[in-house]
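Trainee: First the structure, then my questions, so here it is.
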Amino acid sequence: MAYETIKAEPRGRVGLITLNRPKAMNALSQLMMREICQAAADFDGDAKIGAIVLTGSEKAFAAGADVKEMEKLGYSEAYLADLWRGWDRLTEVRKPLIAAVSGYALGGGCEVAAMCDIVIAAENAKFGQPEITLGILPGMGGTQRLARSIGKAKTMDLVLTGRLMDAAEAESCGLVSRVVPTADLLEDALKIGEKIADFSLPAVMSAKESVLQAFETPLDAGLKYERRLFHATFATDDQSEGMAAFVQKRSPQFKNR
Ligand code: CAA
């Protein structure tokens, strides 16, 4: 499918989505939101794909929602369009989403990274929620997802001051799981995607679903949810194969991947 604001292509068993508005620092226009979500949904439904990588350019993952597009909006337009509800489609993707972040991930860019399951940062990455400098607040989940993942103190600091944090700080507070040399970012993210795509897809997707459940339910309900999914894996061929391969000291040949 041809897109205007992104590129989407399979790289082996990984679906690669590259944000492609270089003149606008990959600002997230409404069209780009729709295209990212469509590409991600297509990869999610593609049996040959086991994981999805979302990336930008070396300079910018995404410098936020498109301010030029929003500048003239009034309350009624924003409310009627239900900005930014369209991103819910990205959070409905069931396969693992890996954000490979180089350069600026600001405002909506930081929030889209936080919607992903794994965030890999290049050494030059910079994260922030500068909406306060524009007279607004984060609107793609920044006050909610960040508070849950990096805690109240850091979230308040970023959201209320608009300051940027570098890759090392983002890793130390838990927004980012790995920091890699800038030149290696895409290759490393694709390798992580390939590794995940090699495992049993039902196990991978259930694991993602179970971890995300931790943000929605109290601990006792979450533990029960996890146990049911765990029990369900024993109904799969891949559980039999994975355990037999371990016992027989060979590599597993998972059917569902
Ligand atoms: N929206 C629209 N255009 C943007 C943009 C954005 N978020 N970020 C950058 N651009 C455009 C600039 O206007 C500029 O365009 P022109 O060449 O036509 O002037 C071009 O990209 C290059 O940007 P700069 O010249 O500013 O580049 P720089 O290297 O000097 O600075 C930057 C880079 C620090 C990222 C700076 O561009 C910047 O601060 N951008 C805005 C960041 C921001 O405020 N993001 C939050 C947006 S609101 C939001 O995201 C709300 C939400 O929660 C959904």
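Trainee: In 10 Å bins starting at 0, how do the alpha-carbon pair distances of segment 99-151 split up by percent?
Mentor: Calculated P(r), rounded to whole percents: 26, 57, 17, 0.
Trainee: If you build a Gaussian network model of the chain, linking Cα atoms that sit under 10 Å apart, which residue out of Gly86, Gly12, Gly74 swings the most?
Mentor: Looking only at Gly86, Gly12, Gly74, the biggest GNM fluctuation is shown by Gly74.
Trainee: I've got another one for you. What list do you get for Leu146, Leu229, Leu54 if you sort them by fewest beta carbons within 10 Å? List each step's numbers first, then the result.
Mentor: Values: Leu146 24, Leu229 17, Leu54 27.
Taking fewest neighbouring Cβ atoms as first place, the list is Leu229, Leu146, Leu54.
Trainee: Sticking with this one: By how many nm would the segment from Lys191 to Glu77 lengthen if fully extended, with 0.36 nm per residue of separation less the alpha-carbon distance? Write down the numbers at each step before the final one.
Mentor: On the way: separation 114, 0.36 × 114 = 41.04 nm, distance 4.21 nm.
Full extension from Lys191 to Glu77 adds 36.8 nm.
Trainee: If we count other beta carbons within 10 Å of each Cβ, what is the order of Leu158, Leu90, fewest first?
Mentor: Details: Leu158 26, Leu90 21.
Listed from fewest to most nearby Cβ atoms, that is Leu90, Leu158.
Trainee: Return the percentage of antiparallel bridges among DSSP beta bridges fully within the chain, rounded to the nearest 5 %.
Mentor: Working: 9 of 31 bridges.
Counting DSSP beta bridges with both partners in the chain, the antiparallel share is about 30 percent.
Trainee: Provide Val204, Val211, Val101 in ascending order of the number of other Cβ atoms located within 10 Å of each residue's Cβ, fewest first. Numbers along the way, then the final one.
Mentor: Working: Val204 22, Val211 12, Val101 32.
Arranged by neighbour count, lowest to highest, Val204, Val211, Val101 become Val211, Val204, Val101.
Trainee: Please give the per residue volume of the convex hull enclosing the alpha carbon atoms of segment 109-224, rounded to a whole number of Å³. Before the final figure, lay out the partial values.
Mentor: Values: hull volume 12.8 nm³, N = 116.
Value for segment 109-224: 110 Å³ per residue.
Trainee: If you don't mind, another one. Take the alpha carbon atoms of segment 162-217, find their center, do the same for segment 73-102, and report the distance between the two centers in whole angstrom.
Mentor: 19 Å
Trainee: Give me the angle, in degrees from 0 to 90, between the Cα long axis of helix 30-44 and the longest principal axis of the Cα atoms of the chain, rounded to the nearest 10.
Mentor: The helix 30-44 is inclined about 0 degrees to the chain.
Trainee: While we're here: When you take every Cα atom in the chain, what is the radius of gyration, and what is Dmax, the widest Cα pair distance, in Å?
Mentor: Rg and Dmax of the chain, Cα atoms, are 18.9, 65 Å.
Trainee: Report, in deg cm²/dmol and to the nearest 500, the calculated mean residue ellipticity at 222 nm for the chain, where each DSSP H run with n ≥ 4 adds -39500 (n - 2.57) and the sum is divided by the residue count. Display every interim value, and only then the final one.
Mentor: Working: 11 runs with 116 residues, N = 257.
Taken over the chain, the calculation gives -13500 deg cm²/dmol.
Trainee: Taking 0.36 nm per intervening residue step and subtracting the Cα-Cα distance, what contour gain separates Val211 from Gln144 on full extension?
Mentor: Numbers: separation 67, 0.36 × 67 = 24.12 nm, distance 1.67 nm.
Extending this stretch completely gives an extra 22.4 nm.
Trainee: Another one. Using only the alpha carbons of segment 81-177, determine the length spanned along each of the three principal axes and report them from longest to shortest in whole angstroms.
Mentor: 30, 29, 23
Trainee: Order the peptides 56-66, 114-124 from the highest to the lowest mean number of other Cβ atoms within 10 Å of their residues.
Mentor: On the way: 56-66: 23.5, 114-124: 21.5.
Ranked from most to least packed, the peptides come out as 56-66, 114-124.
Trainee: Something else now. At 7 Å along the Cα-to-beta-carbon direction for both Met156 and Asn124, put a label point, then send me their distance in nm to one decimal.
Mentor: Label-label distance for Met156 and Asn124, simple model: 3.5 nm.
Trainee: What ranking do 194-200, 44-50 get when scored by the average of other Cβ atoms within 10 Å per residue, highest first? Intermediate results must be reported in sequence, preceding the final value.
Mentor: Numbers: 194-200: 18.4, 44-50: 15.6.
Descending packing order for the listed peptides: 194-200, 44-50.
Trainee: Hey, can you grab everything whose amide H is under 5 Å from the amide H of Arg11? Only 5+ residues off in sequence or another chain; H modelled, so Pro and N-termini drop out.
Mentor: The answer is Leu16.
Trainee: In addition: Using a Debye calculation, one point per C-alpha and no hydration shell, please list log10 I(q)/I(0) for segment 200-248 at q = 0.28, 0.30 Å⁻¹ in order.
Mentor: -0.99, -1.06
Trainee: May I ask you to evaluate 6.51 cos²θ - 1.76 cosθ + 1.60, the Karplus curve with θ = phi - 60°, for each residue of segment 246-257 and list the ³J(HN,Hα) values in order in whole Hz, giving x for glycine and proline?
Mentor: These are the phi-based 3J(HN,Hα) values: 4, 5, 8, 6, 9, 7, x, 10, 5, 6, 9, 8 Hz.
Trainee: OK, next. Near Gln129, within a Cβ-to-Cβ distance under 13 Å, what is the net charge of the other residues, with Lys and Arg +1 and Asp and Glu -1?
Mentor: On the way: positive: Lys126, Arg145, Lys154, Arg163; negative: Glu111, Glu131, Asp157.
Net of charged neighbours comes to +1.
Trainee: Helix 219-233: angle to the longest alpha-carbon principal axis of the chain, degrees 0 to 90, nearest 10?
Mentor: Result, in degrees: 50.
Trainee: Relative to the longest principal Cα axis of the chain, at what angle does helix 142-161 sit, 0 to 90 degrees, rounded to 10?
Mentor: 20 degrees
Trainee: Kirkwood Rh and Cα-based Rg: tell me the resulting Rg over Rh for segment 1-113, rounded to two decimals. List each step's numbers first, then the result.
Mentor: Values: Rg = 13.8 Å, Rh = 14.2 Å.
Looking at segment 1-113, the ratio lands at 0.97.
Trainee: From Cα pairs below 8 angstrom and at least 6 apart in sequence, can you work out the relative contact order of the chain, rounded to a whole percent?
Mentor: On the way: 466 pairs, mean separation 43.9, N = 257.
Relative contact order comes out at 17 percent.
Trainee: Could you run the Karplus curve 6.51 cos²θ - 1.76 cosθ + 1.60 with θ = phi - 60° over segment 126-136 and give me ³J(HN,Hα) per residue in whole Hz, x for Gly and Pro?
Mentor: 9, 10, x, 10, x, 3, 4, 6, 9, x, 10
No lab work stands behind these numbers, since they all come straight from the coordinates. It should be emphasised that the depicted structure is a prediction, and the values quoted were computed from it without experimental measurement. When we count neighbours, we look across all protein chains shown, and the Cβ atoms used for this are built from the backbone with ideal geometry, even at glycine.
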